[in-house]
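Structure, as structure tokens:
A short reminder: the numbers here are calculations on the coordinates, not readings from a lab. It should be emphasised that the depicted structure is a prediction, and the values quoted were computed from it without experimental measurement. Note that we place each Cβ from the backbone using ideal geometry, even for glycine, and neighbour counts take in every protein chain shown.
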Amino acid sequence: MTQRTERLRRLLRVQNKLTAMHEMRRAGLLNQANAADAEAAEIAARKDDAGSLSGLFPDLYERGITRAMEKRDGFVEAAAAEAGKIARENVRKDRIEQDFHASRRIDDRKAEEVSGLEAVERLISPRKA
């Protein structure tokens with residue numbers, strides 16, 4: 001492998017790791033968004049319970065629900081931003097992959113040419129002697 005092909009291979013490996021990192025980060029953010037949504041639902045369920053203090057402190061329950069929904073919205077927005085990063089990394093990865101395959105084809109072609117020239121030289125050499 002030529003130096004260029006080797007560099008592209010390593011770059012492709014790094015790009016795959018970056019894509020995986022962004023995918024993991026997005027999955028974590030979506031998980032946190034679901035947890036915040038569940039928290040809001042739990043607070044709303046406690047508000048409607050018979051033994052709750054929602055009659056005395058209705059604003060407290062409403063603030064808790066609002067805070068949980070705001071957290072969820074923040075996580076969803078961050079997950080959407082990560083999805084954009086994933087798309088961008090995938091485009092980069094695809095481009096690097098194309099360059100890598102082109103470089104390997106060039107290397108293979110050069111190796112075949114060298115092999116062909118060596119075969120021709122072997123055929124010609126005995127005739128001269």
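Using the Cβ atoms and a cut-off under 11 Å, what net charge is assigned to the surroundings of residue 35, where Lys and Arg are +1 and Asp and Glu are -1? Write down the numbers at each step before the final one.
Working: positive: 71, 72; negative: 37, 39, 42.
Result for the local shell: -1.
How far apart, in nm, are the 7 Å Cα→Cβ label points at residue 16 and residue 60?
5.5
So if each residue of separation counts as 0.36 nm, and I subtract the Cα-Cα distance between residue 24 and residue 70, what length gain in nm does that give? The partial results should precede the final answer.
On the way: separation 46, 0.36 × 46 = 16.56 nm, distance 2.23 nm.
Working it through step by step, the gained length comes to 14.3 nm.
May I ask for the angle, rounded to the nearest 10°, between helix 58-128 and the longest principal axis of the chain, with both axes built from Cα atoms and the value confined to 0 to 90°?
10
Quick one: 3J(HN,Hα) in Hz for segment 43-57, Karplus 6.51/-1.76/1.60 with θ = phi - 60°, rounded, Gly and Pro as x.
Using θ = phi - 60°, the values come out as 5, 5, 5, 5, 5, 8, 5, 5, x, 7, 9, 5, x, 7, 10 Hz.
Set Lys and Arg Cβ to +1 and Asp and Glu Cβ to -1, take the dipole of segment 3-128 about its Cα centre, and tell me which of 78, 120, 32 lies farthest positive.
120
Rank the residues 39, 118 as a footprinting-exposure proxy: fewest other Cβ atoms within 10 Å of their Cβ go first.
On the way: 39 17, 118 10.
Listed from fewest to most nearby Cβ atoms, that is 118, 39.
Can you give me the relative contact order of segment 3-128 as a percent, contacts being Cα pairs under 8 Å and 6 or more apart? Could the numbers behind the result be given before it?
On the way: 80 pairs, mean separation 49.5, N = 126.
For segment 3-128, the relative contact order is 39 percent.
Using a simple spin-label model with points 7 Å from Cα along the Cα→Cβ vector, what separation in nm is obtained for residue 46 and residue 2?
Here the modelled spin labels are 6.6 nm apart.
Taking 35 Å as R0, compute the FRET efficiency from the Cβ-Cβ separation of residue 104 and residue 81 and round it to 0.05.
Working: r = 35 Å, r/R0 = 0.99.
Rounded to the nearest 0.05, the efficiency is 0.50.
Would you mind ranking 24, 69 so that the residue whose beta carbon has the fewest other beta carbons within 10 Å leads the list? Let's see the in-between values first.
Values: 24 11, 69 15.
Taking fewest neighbouring Cβ atoms as first place, the list is 24, 69.
At 222 nm, what value in deg cm²/dmol follows for the chain if DSSP H runs of at least 4 each add -39500 (n - 2.57) and the sum is divided by all its residues, to the nearest 500?
Details: 2 runs with 117 residues, N = 129.
Value at 222 nm, helices only, nearest 500: -34500 deg cm²/dmol.
How many percent of the alpha carbon pairs in segment 1-80 exceed a separation of 21 Å?
Details: 1664 of 3160 pairs.
In whole percent, the long-distance tail amounts to 53.
Can you put 19, 66 in order, fewest other beta carbons within 10 Å first? Don't jump to the answer; show the numbers that get you there.
Working: 19 18, 66 13.
Ranked by crowding around the Cβ, least crowded first: 66, 19.
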